[in-house]
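The values are calculated or read from the model by the stated rules, or taken from the named source; none is laboratory data. Remember, predicted model here, so these are calculated numbers, not experimental data. Counting neighbours? That spans all protein chains shown, and the Cβs are built from the backbone with ideal geometry, glycine included.
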Amino acid sequence: MADLRVTIAGVEFDNPLIAASGTFGFGREYMEFYPLSTLGGISCKGITLKERAGNPPPRIAETPSGMLNAVGLQNPGVDHFIQEDLPWLKTQGTKVIANIAGNTPEEYCEMAEKLSGTDVDMIELNISCPNVKQGGVQFGTTCAGVSDITAQVRKHCTKPLMVKLSPNVADIAEIAAAAEASGADAISMINTLTGMRIDIHTRRPIIRNNTGGLSGPAILPVAVRMVWQAANRVKIPIVGMGGVSRWEDAVELMLAGASAIQIGTAFFSNPYAPIEILDGVAKYLEQNQFASVTELTGKVQAW
Amino acid sequence: MKYEVKQCRILQKQELAKGIFSFVVDAGALAQKAKPGQFANILVPGKTLRRPISICDMDAQKQTLRFVLEIRGEGTQILAGFEPGQDMDLLAPLGNGFDVGDCNRKALFVGGGIGVPPLLHPAKLFGQHATVALGFRSQEAAILIDDFQQAGCNVLIATDDGSLGHHGLVTEYFGQVQPDVIFACGPMPMLKAVSEFAEQKGIPCQVSLEERMACGIGACLGCACKVYRPTEDGGMSETYGHVCKDGPVFDSRKVIF
Ligand SMILES: Cc1cc2nc3c(=O)[nH]c(=O)nc-3n(C[C@H](O)[C@H](O)[C@H](O)COP(=O)(O)OP(=O)(O)OC[C@H]3O[C@@H](n4cnc5c(N)ncnc54)[C@H](O)[C@@H]3O)c2cc1C
Ligand SMILES: Cc1cc2nc3c(=O)[nH]c(=O)nc-3n(C[C@H](O)[C@H](O)[C@H](O)COP(=O)(O)O)c2cc1C
Ligand code: FES
């Protein structure tokens, strides 16, 4: 059987499938289906310095082949995460990634410092949440913003640092390059695309926040394109995500340039998605005589 | 396992009213695990999200679950097209369910429209101790009345257009009843009125809420509803709970309408 291990920024994952932030909580709910060690890693629900209540409902709307969400970073705060969730997660045999969001650079730095003192495996800088007024996206949509926040956090972060990019930008390769130049060890992409749905009978947006983040199969081709563009520009590894629900999608994103894959929305219809995807990827590797899953990364032969 | 994904063979299908279908499925051990008021998140082929549907009734011996669903949009339209012999993919049992307690107490069940189905099984447990007040748009939309009557419940009906029972709201029956406990499911204005009545009379009341869901198990935090939570200093603060995990059944005093 082909080797499924991947190493991202010095962290070795048993396999390239990681749960995407915000879709998997802190893992407890999915323990009912399989051991969390089934996954190479878990990116935890986005956390902030202080507890956040999140946005008023409705927070969810379905879309053609996808969904919108505007949860608004509801979370118990970084201290609670460190005390209650992290110790437990660290006993589950999977790599743990803390996803952090802040209102100000100082907040990001304070969280990075706190988490650097724990045994969390990696920090994912969420500068791309479209659903809160100050959810970091203001740092994530310009090169100057990305450079500045990445460089500042870097000074306070002794853990491997992964910067999560927003797709709501004009030139994703520029943004990726800015993150790399400012000290990111890896990039994860893509976060959700800002979208909107309106109930034609009430003439109200379905989501109380008016707009929400689009995820699910609908965004897969955008993710493939953006990962490809970024991979052509930067040397640091890219963790790809956006609409992966079948093993073919995972292979596609890796061929585009991803070194590992996060899956999110797919959990909602199929909690067993990671098992099925891993199975399929392993078979594909064997059939195509790849010895290691790492050989897929960037193997697309573009025209 | 608290909940699981299971392919359940459809044994029976019946159209109860225009666009409202009853399904009985072979659920195996799920039927023993399920509690009244819990729900299933049902896979809709081709859709990104499952659809939450209440468990209407269950038979632990026959290992069956019953669901009643109304066509409201594309997802329920597809589910309504399922036929006996096909499998439904259920993620169940989800949520907390009703805390039924002593079934010799006098219970009032209040249901509105498609909020009626989850009341059937708990009302059966109370049998003749149950008064069941049901509100529908019209006679054509009325469902499950026979089922409640066969269980020995005292059934009171109200319709918006007066085509069946009382012409008006179910809440207008409340003057006639003095229950020890209330269970309610239906539209928010109805639940609010029921909760206010319970509050005034000091009767414990459990309400079952609806919200749009993704995961159905408490992971995505999508299905928020505003509730009170106790603070450290003994007071109350407002927060968002989650219908799929903390509910769908809430103590009416905890819900912020
Ligand atoms: C705990 C719970 C129990 C329920 N029990 C029943 C039941 O026993 N019988 C029944 O007929 N209906 C029930 N519903 C409502 C049912 O889930 C919706 O009518 C259904 O999801 C609509 O899907 P659709 O694709 O037909 O409509 P669309 O409007 O096309 O759906 C679009 C999206 O919005 C969601 N949505 C729309 N309306 C609702 C709603 N009222 N509640 C939650 N999500 C909604 C859908 O799930 C879907 O994700 C219940 C809802 C909840 C939350
Ligand atoms: C309900 C929900 C909540 C999310 N919360 C977060 C979050 O807290 N932090 C974050 O960085 N991304 C969050 N995301 C984005 C996902 O991590 C992921 O980037 C996106 O959904 C695309 O992947 P998918 O199509 O596989 O879901 C959330 C997505 C969803 C659907
Ligand atoms: S639907 Fe995901 S938390 Fe309730």
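Quick grid of which residues meet (1) within 10 Å of ligand 3 (Cβ to nearest atom); (2) surrounded by fewer than 24 Cβ atoms within 10 Å (Cβ to Cβ); (3) free of Cβ contacts under 8 Å to residues at least 60 places away in the same chain:
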position: B:A214; (1), (2), (3): yes, no, no
position: B:C220; (1), (2), (3): yes, no, yes
position: B:R229; (1), (2), (3): no, yes, yes
position: B:E232; (1), (2), (3): no, yes, yes
position: B:M236; (1), (2), (3): no, yes, yes
position: B:C244; (1), (2), (3): yes, no, no
position: B:D251; (1), (2), (3): no, yes, yes
position: B:K254; (1), (2), (3): no, yes, yes
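Within the stretch A:17-70, restricting attention to residues that are of a type in the set (K, R) and more than 9 Å from chain B (Cβ to nearest Cβ), the residue that is farthest from ligand 1 (Cβ to nearest atom) is A:K50.
When the stretch B:159-177 is filtered for residues that are within 21 Å of B:G202 (Cβ to Cβ), under 22 Å from the mean Cα position of the chain (by Cα) and not aliphatic (A, V, I, L, M), the ones remaining, listed by number, are B:T171, B:E172, B:Y173, B:F174. The condition of being in a strand (DSSP E or B) and modelled with pLDDT of 95 or more does not hold for A:L220.
Scanning the stretch B:36-75 for residues that are among the hydroxyl-bearing types (S, T, Y), in contact with a Gly (Cβ under 9 Å, 6 or more places away or on another chain) and more than 16 Å from ligand 2 (Cβ to nearest atom) yields a total of 1.
Assessment of the stretch B:104-123 against the conditions (of a type outside the set (K, R), surrounded by fewer than 14 Cβ atoms within 10 Å (Cβ to Cβ), in contact with a helix residue (DSSP H, G or I) (Cβ under 8 Å, 6 or more places away or on another chain) and not in a strand (DSSP E or B)) yields at least one matching residue. A single entry from B:D161, B:D233, B:D251, B:D180 fulfils the requirement of being in contact with a Ser or Thr (Cβ under 7 Å, 6 or more places away or on another chain), more than 14 Å from chain A (Cβ to nearest Cβ) and more than 16 Å from ligand 2 (Cβ to nearest atom): B:D161. The condition (being within 14 Å of another protein chain (Cβ to nearest Cβ), over 16 Å from the mean Cα position of the chain (by Cα) and free of Cβ contacts under 8 Å to residues at least 24 places away in the same chain) is satisfied by just one residue among B:Q14, B:Q77: B:Q77. Looking at the stretch B:150-257, the strands (runs of 3 or more DSSP E) lying wholly inside it that each contain 1 or more residues that are within 16 Å of ligand 1 (Cβ to nearest atom) sit at B:181-185, B:205-208, B:224-230, B:236-242, B:249-251. The helices (runs of 4 or more DSSP H) falling completely within the stretch A:238-303 that include 2 or more residues that are within 14 Å of chain B (Cβ to nearest Cβ) and closer than 29 Å to B:L49 by Cα map to A:266-269, A:273-287.
Answer with yes or no whether B:M88 is away from every other protein chain (no Cβ under 12 Å), within 23 Å of A:P217 (Cα to Cα) and surrounded by 14 or more Cβ atoms within 10 Å (Cβ to Cβ). So B:M88 passes the test.
The set of residues in the stretch B:198-215 that are closer than 20 Å to B:P118 by Cβ and more than 8 Å from chain A (Cβ to nearest Cβ) comprises B:A198, B:I203, B:P204, B:C205, B:Q206, B:V207, B:S208, B:L209, B:E210.
Taken over the stretch A:197-215, the criterion of being on the phi < 0 side of the Ramachandran plot and in a loop (DSSP other than H, G, I, E, B) is satisfied by A:R197, A:I200, A:H201, A:T202, A:I206, A:I207, A:R208, A:N209. Just to be sure before I move on: is B:Y173 over 20 Å from B:S54 (Cβ atoms) and either at pLDDT 95 or above or among the β-branched types (V, I, T) (or both) in the structure I sent? No; evaluated as a whole, the condition is false for this residue. Checking B:T76, B:T48 one by one, the residue that is of a type outside the set (D, E) and assigned to a loop (DSSP other than H, G, I, E, B) is B:T48 and no other. Just to verify a result, which residue in the stretch B:48-74, among those that are within 15 Å of ligand 3 (Cβ to nearest atom) and over 16 Å from B:V24 (Cβ atoms), is farthest from the chain's Cα centre (by Cα)? Among residues in the stretch B:48-74 that are within 15 Å of ligand 3 (Cβ to nearest atom) and over 16 Å from B:V24 (Cβ atoms), the one farthest from the chain's Cα centre (by Cα) is B:T48. For the structure I just gave you, tell me whether A:A260 is surrounded by 24 or more Cβ atoms within 10 Å (Cβ to Cβ), in contact (Cβ under 8 Å) with a residue 12 or more places away in the chain, of a type in the set (A, V, I, L, M, F, W, C) and in contact with a Pro (Cβ under 7 Å, 6 or more places away or on another chain). In short, yes. Residues in the stretch B:135-146 that are within 17 Å of the chain's Cα centre (by Cα) and either free of Cβ contacts under 8 Å to residues at least 60 places away in the same chain or farther than 15 Å from B:A17 by Cα (or both): B:G135, B:F136, B:I145.
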